[in-house]
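K.L.:
After the structure tokens below, expect a handful of questions from me.
The values are calculated or read from the model by the stated rules, or taken from the named source; none is laboratory data. Given the structure is predicted, the values throughout are model-derived calculations rather than measurements. Cβ coordinates were reconstructed from backbone atoms using ideal geometry, including for glycine residues, and neighbour counts include every protein chain displayed.
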Amino acid sequence: MGEARRAGGAGERSAIVVGGGIGGLAAGVALARSGWQVKVLERAATFGEVGAGLSLWPNGVRALDALGVGDQVREQALAETQAGIRNTSGRWLSRTDTQELARRFGPVAMIHRAQLFDILRAALPAEALCADARVTRVGLRGQRVEVEHSKGVSQADLLVAADGIGSSVRRSLWPQAPAPRYAGYTAWRLVVDTGRRVPAGGESWGRGERVGIAPLADGRTYLFCVANAPEGQRSPGSELAEIRQRFGRWHDPIPQLLTAADESAVMRHDIYELPPLATFVTGRAALLGDAAHAMTPNLGQGANQALEDAATLAVLLDTYPDVESALAAYDRHRRPRTQLVARRSHRIGVAAQWHSAPATALRDLMLRLAPSSTLLNSLTPILGWQPPGRGDLGAAHIG
Ligand code: FAD
């Protein structure tokens with residue numbers, strides 16, 4: 001691809017990324033690898049992540065490969081060997097054929113968020129990382145974008161808004177965009193150290209409640225608990241006491257994990273999702289990650305989709321002759337796909353959170369009867385994603 005075809009011009013191209021979460025850092029890495037001068041503005045005092053695990057699916061791992069950090073992630077992640085759905089007494093309702101999944105698509109990897117974060121941060125030049133920089137205003141001025149933040153005013157050729165589900169950039173530049181909506185359930189996340197690795201991961205489904213267990217490479221266990229609850233409700237006592245009371249009599253090793261858990265490790269967040277947006281781009285600005293398509297976590301795909309966004313955006317900017325047409329292609333590539341994943345994730349959440357006894361009995365029966373190939377086949381469009389190759393997108397999409 002010659003210089004003349006690179007969006008942003010033949011000279012040095014500059015980009016501002018608002019938000020230094022997984023999406024923002026990944027976008028920074030992808031753009032820096034393509035030769036963009038990048039600045040990632042993060043409002044927090046440090047670049048860091050919450051103490052929880054993250055499932056990286058084969059599509060996300062392929063995106064990380066495109067970002068040049070796949071090997072480091074594989075070194076630190078644990079490939080899932082057992083997965084599926086159990087009932088509250090531990091009977092398997094559905095087992096995922098992880099070997100067949102790995103054979104078809106590559107393994108699912110569990111990683112601590114902090115580890116992924118460290119890998120992405122280290123892949124960026126130090127001068128690209130600007131912490132303690134809360135963005136307060138963004139403006140699009142012809143061929144330039146201007147961003148006011150707590151450390152001053154910055155200008156660039158491209159703006160990537162990766163400032164999460166509550167994105168202030170989205171509110172400002174996409175004023176018609178709908179607001180996030182509450183999914184009807186809340187989640188507790190924690191990492192527990194019991195001194196030995198749990199034998200199997202997977203989810204356990206009850207009535208309006210769920211638990212997920214995922215072993216991490218260092219022997220600790222990532223645990224998440226989900227329950228239907230009114231928006232904003234918090235436990236009058238401790239959140240750990242609340243989940244012990246709700247889930248402490250479920251099957252092993254859930255009680256043991258909850259007993260070993262530390263109160264300070266428990267994080268509780270209500271689950272929100274963003275209704276579908278009409279566009280991810282405007283002028284020289286693009287939404288990425290949760291700012292564009294925050295989805296419920298039922299498929300464990302939110303961050304994976306952000307990684308795909310980042311890998312795709314960088315390739316498109318190298319493929320198209322100007323930023324605007326590259327961003328139009330980014331919208332065409334990313335919006336339908338991420339909105340499909342979000343819809344599916346939403347639907348799974350509805351069934352997983354059913355509360356009525358007849359409905360959950362029927363659901364559990366259907367899960368028991370469904371062949372495991374049905375699940376794998378249904379995941380093919382999501383897990384089979386391949387990073388676009390430089391060159392092969394252009395021909396199909398430059399109109
Ligand atoms: P965020 O992580 O929200 O990052 C946005 C960043 O922007 C933040 O650092 C914020 O401080 C910064 N920011 C905001 N406003 C400003 C401003 N004005 N100026 C400067 N900085 C700003 N996904 C998976 O792929 N796998 C999973 O297993 C998984 N599990 C999940 C479990 C739960 C319970 C939840 C809630 C989500 C889960 N997800 C999972 C989804 C995943 O966490 C998100 O999709 C992902 O973290 C989004 O990353 P992001 O960078 O787009 O947004």
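K.L.:
Could you identify the single residue in A285, A342 that is in contact with a His (Cβ under 8 Å, 6 or more places away or on another chain), within 16 Å of the ligand (Cβ to nearest atom) and either within 14 Å of L159 (Cα to Cα) or among the hydrophobic types (A, V, I, L, M, F, W, C) (or both)?
P.N.:
Being in contact with a His (Cβ under 8 Å, 6 or more places away or on another chain), within 16 Å of the ligand (Cβ to nearest atom) and either within 14 Å of L159 (Cα to Cα) or among the hydrophobic types (A, V, I, L, M, F, W, C) (or both) holds for just one of A285, A342, which is A342.
K.L.:
If I filter region 133-144 down to residues being in a loop (DSSP other than H, G, I, E, B) and within 23 Å of the chain's Cα centre (by Cα), which single residue comes out as farthest from the ligand (Cβ to nearest atom)?
P.N.:
A133
K.L.:
So, one more: Pick out, from region 252-321, the helices (runs of 4 or more DSSP H) lying fully within it that include 1 or more residues that are polar (S, T, N, Q).
P.N.:
Where helices (runs of 4 or more DSSP H) fall fully within region 252-321 and carry at least 1 residues being polar (S, T, N, Q), they are 254-260, 302-319.
K.L.:
Name the one entry in D364, D318 that is closer than 21 Å to A66 by Cβ and not β-branched (V, I, T).
P.N.:
D318
K.L.:
Name the residues in region 154-169 that are more than 10 Å from the ligand (Cβ to nearest atom) and in contact with a helix residue (DSSP H, G or I) (Cβ under 9 Å, 6 or more places away or on another chain), would you?
P.N.:
D157, L158, L159, V160 - these are the residues of region 154-169 that are more than 10 Å from the ligand (Cβ to nearest atom) and in contact with a helix residue (DSSP H, G or I) (Cβ under 9 Å, 6 or more places away or on another chain).
K.L.:
I would also like to ask the following. Can you name every residue in region 308-331 that is within 12 Å of the ligand (Cβ to nearest atom) and touching a Lys or Arg at 6+ places or on another chain (Cβ under 9 Å)?
P.N.:
Within region 308-331, E308, D309 meet the criteria.
K.L.:
Okay, next question. So the check is Cβ under 6 Å with 6+ separation or different chains; which pairs have a first residue in region 11-26 that's over 21 Å from D322 (Cα atoms) and assigned to a loop (DSSP other than H, G, I, E, B) and a second one that's more than 6 Å from the ligand (Cβ to nearest atom) and at pLDDT below 95?
P.N.:
Close Cβ pairs satisfying both conditions: G20/F47.
K.L.:
Taking region 377-387 only, how many residues are assigned to a helix (DSSP H, G or I) and surrounded by fewer than 18 Cβ atoms within 10 Å (Cβ to Cβ)?
P.N.:
The qualifying residues number 4.
K.L.:
Can you tell me which residues in region 225-244 are crowded, with 16+ Cβ neighbours inside 10 Å and under 23 Å from A359 (Cα atoms)?
P.N.:
Matches in region 225-244: C225, V226, A227, A229.
K.L.:
Here is a list of conditions, (1) within 13 Å of the ligand (Cβ to nearest atom); (2) out of contact with any Lys or Arg (no Cβ under 7 Å at 6 or more places or on another chain), and S264 meets all of them except one; can you say which number that is?
P.N.:
S264 satisfies every listed condition except (1).
K.L.:
Still on this structure: Considering (1) within 30 Å of I271 (Cβ to Cβ); (2) of a type outside the set (S, T, N, Q); (3) more than 9 Å from the ligand (Cβ to nearest atom), say which one K151 fails and leave the rest.
P.N.:
(1)
K.L.:
Taking the stated definitions as given, is R196 of a type outside the set (A, V, I, L, M, F, W, C) and assigned to a helix (DSSP H, G or I)?
P.N.:
no
K.L.:
Can you spot a residue in region 145-158 that is out of contact with any strand residue (DSSP E or B) (no Cβ under 9 Å at 6 or more places or on another chain) and part of a loop (DSSP other than H, G, I, E, B)?
P.N.:
Among the residues of region 145-158, not one is out of contact with any strand residue (DSSP E or B) (no Cβ under 9 Å at 6 or more places or on another chain) and part of a loop (DSSP other than H, G, I, E, B), which makes the answer no.
K.L.:
Of the conditions (1) within 15 Å of the ligand (Cβ to nearest atom); (2) within 30 Å of G248 (Cα to Cα); (3) at pLDDT 90 or above, T98 clears all except one; give me its number.
P.N.:
Tallying (1) within 15 Å of the ligand (Cβ to nearest atom); (2) within 30 Å of G248 (Cα to Cα); (3) at pLDDT 90 or above, T98 fails exactly one: (1).
K.L.:
Among the residues of region 108-166, write down those that are hydroxyl-bearing (S, T, Y) and free of Cβ contacts under 8 Å to residues at least 40 places away in the same chain.
P.N.:
T136, the sole residue that qualifies.
K.L.:
Continuing with the same structure: Counting only residues that are of a type outside the set (A, V, I, L, M) and assigned to a strand (DSSP E or B), how many does region 31-45 have?
P.N.:
Result for region 31-45: 3.
K.L.:
Please go through region 82-120 and give me each residue that is surrounded by 21 or more Cβ atoms within 10 Å (Cβ to Cβ), touching a Phe, Trp or Tyr at 6+ places or on another chain (Cβ under 6 Å) and outside any strand (DSSP E or B), ordered by number.
P.N.:
V108 - this is the single residue of region 82-120 that is surrounded by 21 or more Cβ atoms within 10 Å (Cβ to Cβ), touching a Phe, Trp or Tyr at 6+ places or on another chain (Cβ under 6 Å) and outside any strand (DSSP E or B).
K.L.:
Could you tell me how many of the residues in region 205-233 are within 16 Å of L190 (Cβ to Cβ) and either touching a His at 6+ places or on another chain (Cβ under 8 Å) or part of a loop (DSSP other than H, G, I, E, B) (or both)?
P.N.:
Of the residues in that region, 5 qualify.
K.L.:
So the check is Cβ under 7 Å with 6+ separation or different chains; which pairs have a first residue in region 176-204 that's at positive phi and in contact (Cβ under 8 Å) with a residue 40 or more places away in the chain and a second one that's aliphatic (A, V, I, L, M) and crowded, with 20+ Cβ neighbours inside 10 Å?
P.N.:
So the pair list comes out as G202/A83; G202/I85; G202/I213.
K.L.:
Follow-up. Among the residues of region 71-81, which ones are modelled with pLDDT of 95 or more and buried (at least 20 other Cβ atoms within 10 Å of the Cβ)?
P.N.:
If the condition is that a residue be modelled with pLDDT of 95 or more and buried (at least 20 other Cβ atoms within 10 Å of the Cβ), then V73 is the only one that fits.
K.L.:
Enumerate the pairs (first residue in region 44-63 and surrounded by fewer than 16 Cβ atoms within 10 Å (Cβ to Cβ); second residue anywhere and basic (K, R) and not in a strand (DSSP E or B)) with beta-carbon separation below 7 Å, excluding pairs fewer than 6 apart on the same chain, so at least 6 apart or on different chains.
P.N.:
Pairs found: V50/R113.
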